[in-house]
Structure formats: C-alpha cells, structure tokens
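Undergrad: Sharing a structure with you now.
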Amino acid sequence: MHLSRKQFVDWPNKAITLLGMSGVGKTTLADKLPKDSWFHYSGDYRIGTKYLQEPILDNVKRQAMRVPFLRDLLRSDSIYVANNITVTNLEPVSKFLGKPGSSKFGGLPLDEFKRRQKLFMRAEIETMKDVAEFKDKAHDIYGYQHFINDAGGSICELADADALRVLTENTLILYLKAGPDMEEELIRRAIAHPKPMFYDAAFLDEKLSEYLAQQQIASVDEMDPERFSQWIFPLLVNYRKPLYEALADEHGYSVDANDVAEVNNESDFLDLIADTLAKSA
C-alpha cells in the first residue's frame, strides 16, 4: 500500500505491517503504542497458538513419553500438556524449530529439521493471510482503532502471492532497516545466544554444503548445531537484506531502525511514518 502524507494522516483506521530482522525492534515498537487503541497482531504468536500448536504439543509429548513416570500419567490422562505462548514468550515455537546437527548436542536430523521448516513456512503464509480478517475483527468486534502487524523476521522469504497481496492491500508496509552498527549488534547477540531460525530451503542447502566442507565434517549428523547457527547468522543477515529492501521498495517504505528506537509514543510513531511518506513523494 502506498499513501501520500495527507492520506496517511487522514486514514481513520491505520494498519501497519512491520518488517525487519529479529531483534531490530518490531515488538518493542508495537509495545510503545497505546494498548487501548492499537491491536497488536504478532505473527509468531499466531503461528504458535494456531497453525503449529498441535505439532509443538506432539513434540513435547514425544519427549515426555520417554520418561516412564510421565508416560504412565499421560497414557492415563492424569496430566496434560499445554502451551503457554505469549507475544513476549515464543520459546515453544523456537524449541519446535530447533537446529540441525548432532543429537549429542541437542541437534535435529536434517530430514526432521527440514520437515519442521516446511511446517513453519506454511504456518507463516497462513498467518499473513489472516491479517485482513484480524484487522477487521480488531475494529468491528474489539473496538480497536488501529492495527499493527508484527511480522516475523523471515517474512521477506514469503514466496506466496496471496499472502503478499493481503499485506499490500490491507496494510502499509514499513521496513525497519538496520544500519551497520545495529547489524553488528544483532550478529553479536546471535553469536552469543544462537537461536533457532527459519531458512529458505535453497539457502540452507547451499550453506550447509559450504559449512561441512570448511569444517571437514562428513554429515550434518556430526556437526555442532550451536556452532553452525553462529556461523550462518551473518550470512543470513546479508542474504535477507536485499530481499527486505526489494519488498519495501516495491510495496512499502523503509525507515532507519535507529530512528525507530527513538520513538517513545504513538505521536512519535505517526510523525515518523508521515515524514517518511513526505520524503518519498
């Protein structure tokens, strides 16, 4: 969606999709907006509570069934397993995604890792298709004036025309662009505390081959998942950057993530967008 500054200012029910790498400040920004007038739609929360809920719980139950004490209680329906996912606690989704590598170090076999990656990709596509419905429900049922879509870091790899159409027709797309200093900080954090990530299938295969060759490792089943995650993250940042920029150039707008970090309230946020639209005219 493209708007003039005046059109945006006059837009009575604003709807924004935030794009950017994980850790760039999307959720922090959404949390600064008034809770009584902005509906915060978290893509990862929707994925975990709707589209991946059953696979996540099945994975937890599979682990629990390995413990005789828990197995007996589960089989007799004496206990049950439930998710406690929140917008700020997405650990169940992260644990389900996992990392490829040796089971000795907590890694997943490559086939299983790729199966979960495909499930996540389909879940993210459906979650973005739901944006139009949730935007309407947020206003018509719950009485929120505005809507913000806090999209996942892998949204730039969403190769689905219908999902992209929903976003571009129903929301203004805003890319939080990290500068060199912030990129270095994101990489530093990722290396210190590597997290499970979604990877484009072709990108993953290419980088796995490179890593195995560089490290002289025979197969994925022998590699340390933490070290691989640390190695691949800077490459992922460089891979995604032009994808984000192309998406923003064609369908939305880019703002400096450092400027976003200076936003303290709704007024600051709306002024930032309005000024960005004015500069792009």
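The values are calculated or read from the model by the stated rules, or taken from the named source; none is laboratory data. All values derive from a computational prediction rather than experimental measurement. Cβ sites come from the backbone with ideal geometry, for glycine too, and all protein chains shown count toward neighbours.
Undergrad: Could you list, in sequence order, the residues of segment 23-57 that are among the polar types (S, T, N, Q), surrounded by fewer than 19 Cβ atoms within 10 Å (Cβ to Cβ) and not in a helix (DSSP H, G or I)?
TA: Within segment 23-57, just Ser37 meets the criteria.
Undergrad: Looking at segment 72-98, which of its residues are among the charged types (D, E, K, R) and touching a helix residue (DSSP H, G or I) at 6+ places or on another chain (Cβ under 9 Å)?
TA: Of the residues in segment 72-98, the ones among the charged types (D, E, K, R) are 72, 75, 77, 91, 95.
Scanning segment 72-98 gives a single hit, Lys95.
Undergrad: OK, next. Output the qualifying pairs, or none if there are none: Cβ atoms under 7 angstrom, residues six or more apart or on different chains, first residue in segment 24-36 and touching a residue at least 40 places away in the same chain (Cβ under 8 Å), second residue small (Gly, Ala, Ser) and outside any helix (DSSP H, G or I).
TA: Listed pairs, sorted by first residue: Val24/Ala178; Lys26/Gly20.
Undergrad: Follow-up. Output the residues belonging to segment 246-276 that are buried (at least 19 other Cβ atoms within 10 Å of the Cβ) and closer than 16 Å to His146 by Cβ.
TA: Hits for segment 246-276 are Val263, Phe269, Ile273.
Undergrad: Within segment 142-234, which helices (runs of 4 or more DSSP H) (wholly inside it) include 1 or more residues that are more than 26 Å from Ala246 (Cβ to Cβ) and among the aromatic types (Phe, Trp, Tyr)?
TA: Here the list reads 201-215.
Undergrad: For a quick check of your reading of the model, give me the residue pairs whose first member lies in segment 150-161 and is surrounded by fewer than 19 Cβ atoms within 10 Å (Cβ to Cβ), whose second is β-branched (Val, Ile, Thr) and at pLDDT 85 or above, with beta-carbon atoms closer than 7 Å and at least 6 apart or on different chains.
TA: Asp160/Ile125
Undergrad: Considering only segment 9-21, state which residues are closer than 22 Å to Phe134 by Cβ and surrounded by 19 or more Cβ atoms within 10 Å (Cβ to Cβ).
TA: Lys14, Ala15, Ile16, Thr17, Leu18, Leu19, Gly20
Undergrad: Any residue in segment 4-11 that is of a type outside the set (Gly, Ala, Ser) and either touching a Ser or Thr at 6+ places or on another chain (Cβ under 7 Å) or part of a strand (DSSP E or B) (or both)?
TA: The answer is no; no qualifying residue exists.
Undergrad: Just for segment 85-123: of the residues that are more than 18 Å from the chain's Cα centre (by Cα) and part of a loop (DSSP other than H, G, I, E, B), which one is surrounded by the fewest Cβ atoms within 10 Å (Cβ to Cβ)?
TA: The selected residue is Gly106.
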